[in-house]
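A quick write-up on the structure given underneath.
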Amino acid sequence: QQQQQQQHHTLELRTAPELSDALVPSHLVAGGVAFGLGPAGHLTLNDCAAAMLAAGIEEFDTSPWYGAGTGEERLGRALRAAVAARGEAQSSTPKVTTKVGRLFLEPDGVSPALSGYDDPERARPEDRIVTNDYSAEGALRSFRESLDRLGFSEIEGLRVHDPNDNNKSTPEVDEVAIAAGPNGACEALRELRKSGKIKTVGLGMNCNKEPHQGKPDEIIRLIRLCEAKTFDSALLAGGWNLLCQTGWPCLLECQRQGIEVHIAGIYASGLLAGGETYAYIPAPENMLTAKRRWQELAEQFGKSLPAVAIAFAMLPRCVTRLVVGMATAKEVEDTCRFMKEAHTVPLDIFLEAKRLGLLAADLPLPDAA
């Protein structure tokens, strides 16, 4: 009993052999942000989707929020093209999970923003209007509209997206309580799962804690307000990587509740993979310094920084998936190469990082042996 209590209060981490077994392409989820209105064109995205499927990446995460609905539509088109190119039947549709809570309307403020965003007669996606709706009715409407944009008759799952932590949130409206309460989004998602219309229910929230983003306490609150076994998985973004571990209590809560964790933001929104942003804004000096110190440490161990970042993200046993944004076939190739290299990252590197103050002194780490 004492051992069980200790497990509930300590984040359980993988041993080196367990970590190696977990670092496989099928445990990657393709993040759909890059499929929104970004620089990549249709042919590039089609090639990217084909490369993902060829590499064994079969799970995809998206949201109406990504590109005001265009992320779903462009992902759906790319996946259908990739599946058709492989000559497979529609029954082999990849596993797509999208989100509820953010609805998009045409500029008239009434018409739903459905598929066909690139029709020249349509208003620009940039002019679409976002509204928040964490009710059961809003979740069901969001589900229907997402199916239309994706072009699929069914999808793998739905996640509640960023309640109380988005650009429309206000202190007067408790979106977490609405989502978790009677006639809330979570109730609708449980019913959809029960009826077989989706297979999984999840949440997708930022577990970092920056002035502009992230409320890890609200993640724990949402989980505890919902009835037991509501969530199959939790997509936790931004708060479990080499530069930020504020999501640690959220992982611990998921471990206690038996909720699988999908970690996003493993590169701290790009800084650890050669970019210049941290938490989606220009990286502050303290994070640039921390990144340089991690780079030096990785080089001392003869490893690339992205490979070290992947290995760290997968350390907790409750983490079953890593969510990585990829917009080109080259980025897919690089991600798979870094994941393969992550097999060889010694656990000693994290113990040394702790000694150097790059990781918190009380952060649990597995023995190097």
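The values are calculated or read from the model by the stated rules, or taken from the named source; none is laboratory data. Worth saying up front: this structure is predicted, and the values here are computed from it rather than measured. Don't worry about glycine lacking a Cβ; one is built from the backbone with ideal geometry, like all the others, and counts go over all protein chains shown. Heads up: the accessible areas ignore ligands, DNA and RNA and are worked out on the full protein's heavy atoms, side chains in. Shrake-Rupley method; radii C 1.70, N 1.55, O 1.52, S 1.80 Å.
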Per-residue HN-Hα couplings for region 116-131 [Karplus 6.51, -1.76, 1.60; θ = phi - 60°; Hz; x = Gly/Pro]: x, 4, 8, 5, x, 7, 8, 5, 5, x, 4, 9, 5, 10, 9, 10
By the scheme Lys and Arg +1, Asp and Glu -1, what is the net charge of all other residues having a beta-carbon under 11 Å from that of residue 178? -4
Positive minus negative residues near residue 279 (Lys, Arg vs Asp, Glu; Cβ under 15 Å): -2
For region 132-183, what is the accessible area per residue in Å², given a 1.4 Å probe and the full set of protein chains? 43
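Run through the DSSP bridge list for the chain and note the antiparallel percent, rounded to the nearest 5. Intermediate results must be reported in sequence, preceding the final value.
On the way: 11 of 44 bridges.
Restricted to the chain, the bridges split so that about 25 percent are antiparallel.
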Give me the Kirkwood hydrodynamic radius of region 109-156, using the inverse of the mean 1/r over all pairs of distinct Cα atoms, in Å to one decimal. 12.1
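Exceeding 18 Å between C-alpha atoms, which entries from my cross-link table qualify? They are 99/197; 291/354; 95/330; 199/229; 209/303; 303/340.
95/330; 209/303
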Using a probe of 1.4 angstrom, how much of the accessible area of the chain is carbon and sulfur, in percent? 51
To test your reading of the geometry: what angle, between 0 and 90 degrees and rounded to tens, separates the Cα axis of helix 42-55 from the longest principal axis of the chain? 50
Which residue, 44, 170, 328, has the most motion in a Gaussian network model of the chain that connects Cα atoms within less than 10 Å? 170
In a Gaussian network model of the chain with springs linking alpha carbons closer than 10 Å, the residue among 233, 115, 169 that fluctuates most is 169
Selected from 356, 305, 19 as most flexible by GNM, with the chain as the system and alpha-carbon contacts under 10 Å: 356
Computed magnitude of the charge dipole of region 266-368 (debye, nearest 20; Cβ of K, R +1, Cβ of D, E -1): 160
Charges on Cβ only, +1 for Lys and Arg, -1 for Asp and Glu, centred on the Cα centroid of the chain; of 29, 112, 267, which one is farthest towards the dipole's positive end? 29
Treat every Asp and Glu Cβ in region 76-137 as -1 and every Lys and Arg Cβ as +1, leave all other atoms uncharged, and give the resulting dipole magnitude about the Cα centre to the nearest 20 debye. 440
Rounded to the nearest 0.05, FRET efficiency between residue 228 and residue 296 (Cβ-Cβ, R0 41 Å) equals 0.35
In whole Å, what are the extents of region 1-155 along the principal axes defined by its C-alpha atoms, from largest to smallest? 63, 40, 29
Taking the Cα atoms only, what angle lies between the long axis of helix 216-225 and the longest principal axis of the chain, rounded to 10 degrees? 60
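If you add up the charges near residue 316, with Lys and Arg at +1 and Asp and Glu at -1, over every other residue whose beta carbon is less than 9 angstrom from its beta carbon, what do you get?
+1
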As an exercise, identify the GluC sites (Glu not before Pro) in region 224-273 lying in DSSP coil whose Cβ has no more than 16 other Cβ atoms within 10 Å. 227
Mean 1/r over distinct Cα pairs of region 147-246, inverted to a Kirkwood Rh in Å, yields 14.4
Pick the calculated mean projected area of the Cα convex hull in nm² for this structure from (i) 18.9; (ii) 33.1; (iii) 20.8? (i)
Answer in debye to the nearest 20: the dipole magnitude of the chain about its Cα centre, from +1 Lys/Arg and -1 Asp/Glu charges placed on Cβ, is 500
If we restrict to alpha carbons, what Rg and Dmax does region 259-369 come to, in Å? 13.8, 39
Report the extension gain between residue 43 and residue 111 in nm, rounded to one decimal, defined as 0.36 nm multiplied by the number of residues separating them, less their alpha carbon distance. 21.5 nm
